[in-house]
Amino acid sequence: MPRGEPCVWSYPLDLHYSTTALQGWPKFHCEVWSQDSHGRNSLAGYGFCYIPSSPGTYELKVCTWRPKPQSWLEYVSAFFLGAYPQLKDSDLIWRQDDRYRLSTFASGVVVLRISVITLGFEKHGIQYSSTSS
């Protein structure tokens, strides 16, 4: 695929979550990988976003990033071999308290088109305000 061209992965996912509180609401967490002309796989980026808690259809843009190489040898490996640094702990992708220490650069955007359906939230005291356009 030519560099800069969008890669469309149009595959429906059907996920069901059960919860009694908004605390710990689900997040979408992704790792994007690329493959070069020699068949080598390398990390293209990490990203995450929170799933909206209100019912509706959404288009979410997930900005992705990857760690910067920290040494000259890592830069050379990344450039020639596609061996970009990877996270040892994937929780750093969404945990903001530790992520500020990382040196990263932006690597693209993942666009999600999702529909959220809620059922029985009123039983637990969760109400949605209606907004008019």
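The values are calculated or read from the model by the stated rules, or taken from the named source; none is laboratory data. Since this is a predicted model, take the numbers as computed values, not measurements. No Cβ is skipped: glycine too gets one built from the backbone with ideal geometry, and neighbour counts run over all protein chains shown. We work out accessible area using only protein heavy atoms, side chains counted, and drop any ligands, DNA or RNA first. Shrake-Rupley method; radii C 1.70, N 1.55, O 1.52, S 1.80 Å.
Descriptive notes on the structure:
- Protein heavy-atom surface of the chain, 1.4 angstrom probe: 53% of the accessible area is carbon and sulfur, with nucleic acids and ligands not counted.
- Sequence-distant contacts, meaning Cα pairs under 8 Å at least 6 residues apart, place the relative contact order of the range 7-105 at 22 percent.
- In terms of accessible area, using a 1.4 Å probe and ignoring ligands and nucleic acids, Lys88, Lys61, Lys27, Lys123 rank largest first as Lys88, Lys123, Lys61, Lys27.
- Solvent exposure of the range 32-78 amounts to 60 Å² per residue of accessible area, where only protein heavy atoms count and the probe is 1.4 Å.
- For the chain, a simple Cβ point-charge model (Lys and Arg +1, Asp and Glu -1, everything else neutral) yields a dipole of about 180 debye relative to the Cα centre.
- Under 5 Å between amide hydrogens, built in the peptide plane, is the criterion, and for Ser107 it picks out Thr64, Trp65, Arg66 among residues at least 5 positions away or on other chains.
- Between helix 72-81 and the chain: long-axis angle, C-alpha atoms, 0 to 90°, nearest 10: 80
- Each peptide in 43-56, 106-119 receives the mean, over its residues, of other Cβ atoms within 10 Å, and ordering these scores from highest gives 43-56, 106-119.
- Gyration tensor analysis over the Cα atoms of the chain returns equivalent ellipsoid semi-axes of 35, 18, 12 Å (largest first, whole Å).
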